[in-house]
Number of protein chains: 4
Amino acid sequence: MQETMKAVKLFLDWAPREGYQPGPREVKGKRAQEGNKFWRNPQVKIVQEPLPEIGPTEALIKVKACSICGSDVLMADSDEAGYTRYGYLMSNGVTIGHEFSGEIVAMGEGIEELQRRTGQEIFRIGTPVTAQCVVNCGLCEKCKEGKFDECWLTEERGFSLDGTMAEYAVADLRHIYSLGELREKYPGEELFLAGALIEPLAGVYKALIEVAGGLKPGDSAVVIGGGAIGLSGIALLKTIGASTVILCEFSSQRREIGMALGADYAFDPREENFTEVVLRLTGGVGAKVYFEAAGVATTVYPDIDYLFKAGEAGSKLVLMGHGEEYATVRTETLIGKYNVIVGSHGHSGVWRNVIKMVAAGLIDPRKMITRKITLDEVPQWLTTLRTNKEEGKVMIVF
Amino acid sequence: MQETMKAVKLFLDWAPREGYQPGPREVKGKRAQEGNKFWRNPQVKIVQEPLPEIGPTEALIKVKACSICGSDVLMADSDEAGYTRYGYLMSNGVTIGHEFSGEIVAMGEGIEELQRRTGQEIFRIGTPVTAQCVVNCGLCEKCKEGKFDECWLTEERGFSLDGTMAEYAVADLRHIYSLGELREKYPGEELFLAGALIEPLAGVYKALIEVAGGLKPGDSAVVIGGGAIGLSGIALLKTIGASTVILCEFSSQRREIGMALGADYAFDPREENFTEVVLRLTGGVGAKVYFEAAGVATTVYPDIDYLFKAGEAGSKLVLMGHGEEYATVRTETLIGKYNVIVGSHGHSGVWRNVIKMVAAGLIDPRKMITRKITLDEVPQWLTTLRTNKEEGKVMIVF
Amino acid sequence: MQETMKAVKLFLDWAPREGYQPGPREVKGKRAQEGNKFWRNPQVKIVQEPLPEIGPTEALIKVKACSICGSDVLMADSDEAGYTRYGYLMSNGVTIGHEFSGEIVAMGEGIEELQRRTGQEIFRIGTPVTAQCVVNCGLCEKCKEGKFDECWLTEERGFSLDGTMAEYAVADLRHIYSLGELREKYPGEELFLAGALIEPLAGVYKALIEVAGGLKPGDSAVVIGGGAIGLSGIALLKTIGASTVILCEFSSQRREIGMALGADYAFDPREENFTEVVLRLTGGVGAKVYFEAAGVATTVYPDIDYLFKAGEAGSKLVLMGHGEEYATVRTETLIGKYNVIVGSHGHSGVWRNVIKMVAAGLIDPRKMITRKITLDEVPQWLTTLRTNKEEGKVMIVF
Amino acid sequence: MQETMKAVKLFLDWAPREGYQPGPREVKGKRAQEGNKFWRNPQVKIVQEPLPEIGPTEALIKVKACSICGSDVLMADSDEAGYTRYGYLMSNGVTIGHEFSGEIVAMGEGIEELQRRTGQEIFRIGTPVTAQCVVNCGLCEKCKEGKFDECWLTEERGFSLDGTMAEYAVADLRHIYSLGELREKYPGEELFLAGALIEPLAGVYKALIEVAGGLKPGDSAVVIGGGAIGLSGIALLKTIGASTVILCEFSSQRREIGMALGADYAFDPREENFTEVVLRLTGGVGAKVYFEAAGVATTVYPDIDYLFKAGEAGSKLVLMGHGEEYATVRTETLIGKYNVIVGSHGHSGVWRNVIKMVAAGLIDPRKMITRKITLDEVPQWLTTLRTNKEEGKVMIVF
């Protein structure tokens, strides 16, 4: 094995905005919980560095595919004052990237020991894998309850720990998932393309299934925004029995992908009226699930309220998109129609089922890929994607 | 039996506000879905009228107790322009009142026939009963699904049909519930005092248990507003295993009732800071259920958002109070903490369990009663209660 | 319109078995709650009789398609002692048949009145419809709770009330569902073929979704028995995101239909070992849902227990098939693996969603039809189907 | 601090029964998954041994109270062939005991580091604590999903790892819970008496709330067996709003404790008929929850079936008691009444809520204690309790 590797790293300058003091979880010059309050002047660099070492329960993974997430673009972008545009956990000097797949090339002895004792050999050299980016501490009161996404001291691969836009990556057994089941339907390198997109599907699965409780088969659903989250939402909603799934999205290319993933109708809200489309396609009763995946809650809420009121009772608004921060909620509508508003983030605990869905061919996330690039092209694409809102997934292949 | 009876009726003048046209469910001079858009000049009169006749599946009930609801006060009150202050279904010339109990004095033959065929004799002459005020049609698509509170053509006893501030009232078997189980713990006339208050408890049970899914035993809860809904909420939340229930309420008398019904702490938000109280009494983790029963969603939401953000994940805001109509919801908080906002109204389908709880002594709703009056005193109390926000329940006894 | 019509009626002799006394719900010579305890000598006759009259909230429906259900076969069959083989509610002299579709040809004025007042015109002359066979009383304590399938005095169309193996049938608005949404995907007479099969789908939807809580997308499922219930189960389970659905069934024709409806694998348990197949196809973790639709609980339970124990925790056994009555349940397995056993019958409250699924093309129940017959052929097919376990649905077309 | 400590240990002889081969999780002479298949000649000894050492995320706990569990009695008892009577995970030479409380006397630096970084100081020297006995691996596929009780390689404190019938015990931060909240209502040493009994409450909370989904407030419940599990069940069911809780138990002392913990009625099934009592006290509708905590599923199931059939639909049987292994389940009853049978074991993930309930005084588990003993008396009491079925909890105090 080679001794050094190429990695895409993000470097930042520590410059707390006025009024922001580091808390117990901030480390000066190293780590900030809310990136855009502390970090200025983001700089993306491709570096050559030694291969990472692995601990007893960790695996070294040769990365085969890694897609660019909207968060990657925001981290590397800056506002007028020079601060990064990403508002969550970020550390300085880490390798970015977290939607990935690869092959195990080395494993700590703790993994082997566990497998020997349980008689279950899931991981071995060559096993195709992916890993979650939520790296929970495993020790805090929330981790004790199995609520890993609520960990008090979570780290995030590709944000506060070295990520996967590199030739090799490391992950602990606690966060690795086998992609072996994908072999049958995704032969050869195709497996890695699908496997790198388990991560956004897992986030959507958590939001729609675990947090929002899914839907009743036969219900209708509306997806607002055709980025990776919205597209994954379409595929999932259609797979669980939504009778009609409607996509609201500006980009025609993304609308096409939405249709390919199962949407029954996709429209541009600048050309067709949102509430009219939804009422027409649902026979006047409205959708039961509205999935906000565009980060435009402020803009879209008046229409949601209109549909809540015009439609049948018991509809839900599920929020996942970051962006606009406020919605003016008419509480009488909720009271009159038993509507639910709920939000979600994270993805722990759902990976095996998502992998089974993809392995079974119920969802083929490769349909989201519109472009394949090399690791060297990443910096340029991080810039391009600031304004290009037509691409589906841009996938780095190795 | 007497041939005529005394009843408290509300008379209204048909005067649609500008921009409001009657829809299919409005009847000029008779019935409006949104009272304050169509009705002016509310006048309460005590009338003498013939006893009502009963249909084959109806019972004639001699009313024994009936409490005044906030809705009764609003219907009889008017704004600066002379319109009633009540914004929901209202008809002209009906007897008001809906939180009641009484004894069956006559029954249609259909009830007897059904009981004979099932071998279940629940109702007979003399059976103490109450009835729900939601009088669903039983025929529409929502009634077919058993979702009676979502009926397309619901009538409401005491709002669009003759109610129970009268010596006698009529209800269909579909809406009557026996209070026989209360006999053991509420002897004599006491049964009727407790029985008249099943209705607000049923609404709260629906909101907190059926719609919001209750809480995990050991969770904490906050109740905003100590009227009948908030007080019923305290009693219910404490009965289902809330470790701490906190009441936020201006009136000291209502706070005292709240404590008597099981609250662990009750405070005046003008004297103590809402968020500080909640964080202090929950060990810093916040409540899992916030029950808005005061109709002040606009005012209180910023504090709810603060507590959602400061506290542990998975908290819910349950809306039941009518009044202020908007809340400015920070969607990032919901996304970060999996919070849920949900509303509820109505009370169908839960009465038997509520009656069992009261019969078992788990909840004694008589603690809410602060005053007993006669039917003749109703008009005066409807006026008094416009400004008096210290009373618990004012109960008409017959 | 013609004045008389043809109908398939079942005539029975009242002969209570030793030890069985009529209860309050039995009527000598007319009605029995448990057919095989009271009725002997079942005789199927095609009669000519006057068209039925309709009440104010009823519709007269011209029947267009009606399929034969296993219950129809059992009712018309008899055991060695001459008693009917059907053990549930049965009345003498009624028209059988309940899985049907047709067109409204007349409506009571109550329906028109309701539609006028709600402004919702769902039903008119010519509307294609189906109706549930559970004819609940609407008045008992369970009907008050919206639990219509638990009605204390339920009647059943085609069992204790005249059914739909006739040129015309009557149903109350409370039990009728529009099939109008099917027009787009099922043109012309095809609509009625699909529409007649909503009923078995509704029963399965209730069992798997409402009672058993569905499954997590990506879970695996096993269906035992490829009759209409099992086949509907396959279609539904696949539609809600099961990664793998396995059918266990003797008949090769039924296995083929199962595969057409979405099964991933179908096998004959006489040729392949049940537990081996399931473990192999689920990667050793077993299924999460076992749907017993063959009425062989006694026979199959040891294998279910084996799979519960060998597989991952949290699996469910959902019972719908009538037949063998006992399962010897190893309780330690349930304790160790959190398994759930649950049963279901009935179908109220779910029809609109089932219709939406069929209308959207998610499920095409016509795939179950293996034969079309005329009304005159019914008596012969009721006999044939006693032993023929290869047919899918035998559909009467008019 | 002292250098050595006293501990109660269990020594066993490795003697696999015919037909049982050690699997991957068995270790010859050390560890067996099913104790009674491998271990003979159990011998309880009080030993003096060095204080345990702690790892970086572990705490050393000075034990203050530890109660004897039925499992302890079974492990130390043997059948006719000399095999231990306990059929689950057991290792040789470990200190037994797992229902305990104590004070932290030393902590690994990893705990301090975590607390410093999160700013949450929950544990310090002197903090009163308890710990769960399920010591999950944290690494396997089920631990990744937060389902710790389903861990593929779980160890159990007091069964396969050194337990808490010793002056000191060790536990990892992942399994320790603070009892600090109990200080207010349980002053001084009383805290430790209540704290040692969190464990059985946690198991019951998991079974009744997490696995079985609780009950609707106002429902009735029946508890079969008045040992620690049954008594905890009574307390919990009453705390969550059961209108009537009925205890079925032979011992009069245990029935008295049951009444003190909230049961509405307690009876001896040798003196009163089980089904008659239940139908009488539930107004003929039966209970909604039957909690089997006596290990007599085989014996009691016919009565459960009778009550399922006679009562209202939707009742559940929740199995927790080990003992008799089979129930002959009439599947037609489940189908007709939507009954659910489900089992549960373990206790992970629920401890904080249980502690809050005890801290709030909703449940006072000290009511179960009927005797306090010293560590030296343990061997004698392990023998006595083989036949004495009158005691509540026997508590070792230090």
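Values computed for the structure shown
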read-out: Protection proxy ranking, peptides D:60-70, B:149-159, average beta carbon neighbours within 10 Å, highest first; value: D:60-70, B:149-159
read-out: Between the stretch A:35-99 and the stretch C:121-145, the Cα center-to-center distance that results, in Å; value: 59 Å
read-out: Segments B:279-286, B:360-367 sorted - mean Cβ within 10 Å per residue, highest first; value: B:360-367, B:279-286
read-out: Ellipsoid equivalent to the stretch B:315-398 - semi-axes via the Cα gyration tensor, in Å; value: 34, 21, 11
read-out: Shortest-first nm distances, residue B:25 label point to equivalent points in other copies (7 Å, Cα→Cβ); value: 3.4, 4.6, 5.7
read-out: Radius ratio Rg over Rh of the stretch B:358-398, counting only Cα atoms, Kirkwood formula for Rh; value: 1.07
read-out: Label 7 Å beyond Cα on the Cβ vector: residue A:213 copy-to-copy distances, nm; value: 0.6, 1.1, 1.2
read-out: In range of the label at residue D:250: residues from the stretch D:369-398 whose backbone nitrogen is under 13 Å from the point 7 Å along Cα→Cβ; value: D:386-391
read-out: In degrees, nearest ten, helix D:297-310 long axis to first principal axis of chain D (Cα); value: 40 degrees
read-out: Carbon and sulfur %, accessible surface of the stretch B:222-267 computed with the full protein complex present, 1.4 Å; value: 54 percent
read-out: Sequence of C:243, C:78 from largest to smallest accessible area, 1.4 Å probe; value: C:78, C:243
read-out: Rounded to the nearest 20 debye, dipole of the protein assembly as shown from Cβ charges on Lys, Arg, Asp, Glu; value: 0 debye
read-out: Mean Cα-pair separation over length for the stretch A:154-246, i.e. relative contact order, pairs under 8 Å, 6 or more apart, %; value: 21 percent
read-out: Principal axis dimensions, largest first and in whole angstrom, of the stretch A:64-200 by Cα; value: 55, 39, 23
read-out: Order by protection proxy (mean Cβ within 10 Å, highest first), peptides D:94-107, B:134-147; value: D:94-107, B:134-147
read-out: Base-10 log of normalised Debye intensity for the stretch D:80-146 (one unit scatterer per alpha-carbon) at q = 0.17, 0.28 Å⁻¹; value: -0.95, -1.19
read-out: Within the protein assembly as shown, percent of DSSP bridges classed antiparallel, to nearest 5; value: 65 percent
read-out: Mean projected area (nm²) of the alpha-carbon convex hull when the stretch C:136-187 is viewed from all directions; value: 5.0 nm²
read-out: Rounded to the nearest 20 debye, dipole of the stretch C:172-265 from Cβ charges on Lys, Arg, Asp, Glu; value: 180 debye
read-out: Geometric extent, Cα atoms of chain B - Rg, Dmax (angstrom); value: 21.1, 65
read-out: Distance from the stretch D:199-238 to the stretch B:238-266 (C-alpha centre basis), Å; value: 26 Å
read-out: Shielding of B:114-121 by partner chains, average beta-carbon count, 10 Å; value: 5
read-out: For B:216-227, mean number of other protein chain Cβ atoms within 10 Å; value: 4
read-out: The protein assembly as shown: Cα Rg divided by the 2.2 N^0.38 Å rule of thumb; value: 0.92
read-out: Overall dimensions of the stretch D:205-351 by Cα: Rg and Dmax, Å; value: 13.7, 40
read-out: Residue-averaged beta-carbon neighbours from other chains (10 angstrom radius) around B:19-26; value: 1
read-out: Nearest residue to the symmetry axis between C and B, taken on chain C by its Cβ, in whole Å; value: C:146, 1
read-out: Kirkwood Rh in Å, taken over all unlike Cα pairs in the stretch D:1-154; value: 17.7 Å
read-out: Count of Lys pairs (Cα-Cα under 13 Å; at least 8 positions apart or interchain) in the stretch D:275-376; value: 5
read-out: Distance in nm between pseudo-label sites at residue B:325 and residue C:117 (7 Å out along the Cβ direction from Cα); value: 2.7 nm
read-out: Between D and C, accessible area buried - total, square angstrom, nearest 100, 1.4 angstrom probe; value: 3000 Å²
read-out: Pseudo-label separations to other copies for residue B:45 - Cα-to-Cβ vector, 7 Å, nm; value: 6.5, 8.9, 9.8
read-out: Over chain B, relative contact order from alpha-carbon pairs under 8 Å, at least 6 apart, %; value: 16 percent
read-out: Accessible area per residue, Å², the stretch C:89-131 with all protein chains present, probe 1.4 Å; value: 35 Å²
read-out: Using alpha-carbon coordinates, inclination of helix B:228-239 to the longest axis of chain B, degrees; value: 70 degrees
read-out: For residue D:375, net neighbour charge (Lys/Arg +1, Asp/Glu -1) across residues whose Cβ lies under 9 Å away; value: -2
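The values are calculated or read from the model by the stated rules, or taken from the named source; none is laboratory data. Computed from a prediction, not measured in an experiment: that's the story for all the values here. Positions of Cβ are backbone-derived with ideal geometry, glycine not excepted, and every protein chain shown enters the neighbour counts. Side chains included, ligands, DNA and RNA excluded: accessible areas come from the protein's heavy atoms. Shrake-Rupley method; radii C 1.70, N 1.55, O 1.52, S 1.80 Å.
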